[in-house]
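Structure first, commentary second.
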Amino acid sequence: MSRLRNLSKWGALYLWERAINIDLEEGMEFDKLICVKRSPVNDYIYSGFFTVKQKGPKKVTFGQYIVQFKPNGGIEKRFLMLWTDEGIELLRSYRDSDMLCDNRKDFPWI
């Protein structure tokens, strides 16, 4: 079993937060971890969802960060997507069993 499969919620938070903040637009910042999901087709791809602190008129509800790791654990590729309220159904659609870390219950709007 790959050690990446056992990525803890703390690992996701600490490993990704710096990269997420680099990739976010000016005036936005990583806030709280919502959940982390491993790809069903590739053991090295994870998708993390988080809330965004923001200044200004933008209406971002949450962010999604897709990370592809190298076999040795370093980040190979990363993609950031920002979602408005229309994306909440995406978060609701995931099964609990698909999650490595699931804090969705801590967010009443999900």
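One quarter of the surface of the convex hull around the alpha-carbon atoms of the chain equals 6.9 nm², the direction-averaged projected area.
Apply 1/(1 + (r/R0)^6) to the Cβ-Cβ distance of Asp98 and Asp31, taking R0 = 35 Å, and write down the FRET efficiency to the nearest 0.05.
Numbers: r = 23 Å, r/R0 = 0.65.
It comes to 0.95.
Length gained on full extension, Asp85 to Lys55: 9.1 nm, using 0.36 nm per residue less the C-alpha separation. Can you give me the angle between helix 9-23 and the longest principal axis of the chain, using Cα atoms only, in degrees from 0 to 90, rounded to the nearest 10? So the inclination is approximately 60 degrees.
Entry note, the chain: the mean residue ellipticity at 222 nm calculated from DSSP H runs of n ≥ 4, each adding -39500 (n - 2.57), is -5500 deg cm²/dmol after division by the residues and rounding to the nearest 500.
No lab work stands behind these numbers, since they all come straight from the coordinates. This is a predicted model, so every value here is computed, not measured. Neighbour counts are summed over all protein chains in view; Cβ atoms, including those assigned to glycine, are modelled from backbone coordinates with ideal geometry.
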